[in-house]
Amino acid sequence: MSEHKVIDESKQGEAFMIEQPVVSNGKKLFLESYGCAMNFSDSEIVASILKDKGFTTTQDFNEADVIFVNTCAIREGAEQRVRKRLTDFKRAKKNNPDLIVGVLGCMAERLKSQFLEQEKLVDIVVGPDAYRSLPELIEIAETGQNAINVLLSKEETYADIAPVRLGSNGVTAFISITRGCDNMCAFCVVPFTRGRERSRDPETIVKEAQDLFAEGYREVTLLGQNVDSYLWTGGGLKKDNLSHEELNNATTFSQLLEKVALVNPDLRVRFSTSHPKDMNDDVLYTIAKYENICSYIHLPVQSGNSRILEMMNRGYTREWYLNRIDAIRKIIPDCGISMDIITGFCSETEEEHQDTLSLMETVKYDFGYMFAYSERPKTLAERKYKDDVPAEIKSRRLAEIVELQLKHSAERTKEGVGKVHRVLVEGISKKSKEELFGRNSQSTVVVFPKENFKIGDYVTVLADRCTGGTLIGKAI
Ligand code: SAH
Ligand code: SF4
Ligand code: F3S
């Protein structure tokens, strides 16, 4: 009951393996990732660091010398899935006593040495800011000792590391632009697992986008927990009181978007996640100005009730959020909008739940990610509030929200029928080899007959029908 994705075409939750490096050290690595796009992007950094040390990869964990699981701690359910997987890997150690198992990412950061000492599930524990030390930690583990590095950094952005594109379609790629989060939403574990917010040097971001374009990629997604608060002032943590000169020399998110959009008109630019309290009109005008910045904004709302939003420490009210939606509709009239919602947060009443449903009616999102509240250790909500909405009520409210979203998604998709869409082809349709799929600017999936088109092409498609959240049509 903990999570529901509606029309989610993202790669979240998929496991993948890394590409073969050039010089082998004879050791095989198996790498599996969970959680958000940031974590998948981090796995590409990990793959790059280990590729440089000569690791080859395997798709079969039974023949691996090293197994790494890049983990997520966002909800209890996410952690349970990882634990189950780690138990599978521990069993594999019985057949291969030299096998090294490591846990990376947010759960490693949250639980630190607990995995090594109390649970004895793994040999290596590494937090999100310590991946440069992986080769060293593997060497320590090879001598039979436990190895751990969970230091969080105020500087690390891995800006100089060229990610190994994992499980790639060769067309779309992630680029991390910030790490960490300074927001402290009451329900959220991320500030504890990923530390303080840092922005990455814009030059390295633009360079990465240029390199990707040269390699044939046609879409980049700029990633951060709150992309709107991106601010480059020369490195390190963000300062509160910047001088006039520092501000003049700084790069804001809308300026960064523009720089990346200018790499090439044929390189699509997406970004995630926008924060309603920080999303300003500058960003919206920049999106409207450039054809290749996609008309799509993921704007998590979490709740439609201002009292709950205040308790969540989100920094905006229902009215503020709806004002941001109005601004999007005015400045980018064709914009696709999606959301995240949490149901059953501490003390949420039936009326407050109705406020979330009514906000959904007002916005009519294209799609969304919906979750039942899961209490996380150390968060503000865990310390201050009681997790007092019973599980059955959380799931019933979640089911109502999911049902309404399915209806809205179907309606929104239908609005695309009879219209022409510019589609970037991402792959061959799962249903038929004779069909291709891609997304339009609003991020809706479009399927059409293959003809002579190939992956990476831009194709103009007239949609003549739809199913659920997918448009179906023909190239014109
Ligand atoms: N930085 C992004 C969100 C990252 S986490 C933002 O601010 O929007 C992705 C989503 O997981 C959140 O938007 C929220 O809807 C959900 N989430 C986070 N913590 C949760 C918790 N404790 N229980 C249930 N859902 C949670
Ligand atoms: Fe978590 Fe809030 Fe930061 Fe998003 S903005 S990662 S929900 S603390
Ligand atoms: Fe992402 Fe999960 Fe960490 S959502 S930031 S991998 S807790």
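By the Cβ distance rule of under 4.7 Å, the chain has these cysteines without a partner: 36, 72, 106, 181, 294, 335, 346, 466. Modelled spin labels at residue 60 and residue 347, positioned 7 Å past Cα toward Cβ, are 5.7 nm from each other. Placing +1 on the Cβ of every Lys and Arg and -1 on the Cβ of every Asp and Glu, with no other charges, gives segment 3-149 a dipole of roughly 360 debye about its Cα centre.
Solvent-accessible area assigned to carbon and sulfur over segment 420-475 amounts to 53 percent, based on a 1.4 Å probe. Overall, the accessible surface of segment 172-414 at a probe of 1.4 angstrom is composed of carbon and sulfur to the extent of 49 percent. Once the 1.4 Å probe is applied to the protein heavy atoms, the chain comes out at 43 Å² accessible per residue. Summing charges over all other residues whose Cβ lies under 13 Å from the Cβ of residue 322, with Lys and Arg as +1 and Asp and Glu as -1, gives +1.
Bridgeable aspartates and glutamates around residue 238 (alpha carbons under 16 Å apart, same-chain partners fewer than 8 residues away excluded): 155, 156, 182, 197, 201, 228, 246, 278. Note on the chain: helix-only mean residue ellipticity at 222 nm, from DSSP H runs of 4+ residues weighted -39500 (n - 2.57) and normalised by residue number, equals -10000 deg cm²/dmol. Rg of the Cα atoms in the chain, relative to 2.2 N^0.38 Å, amounts to 0.98. Computed from the alpha carbon positions, the gyration tensor of segment 420-475 leads to an equivalent ellipsoid with semi-axes of 14, 12, 10 Å, biggest first.
The values are calculated or read from the model by the stated rules, or taken from the named source; none is laboratory data. Predicted model, so just to flag it, every value in this text is computed and none were measured. All Cβ positions, glycine included, derive from the backbone under ideal geometry; neighbour counts span all protein chains shown. Side chains are part of the model used for accessible areas, which takes the heavy atoms of the whole protein and leaves out ligands, DNA and RNA. Shrake-Rupley method; radii C 1.70, N 1.55, O 1.52, S 1.80 Å.
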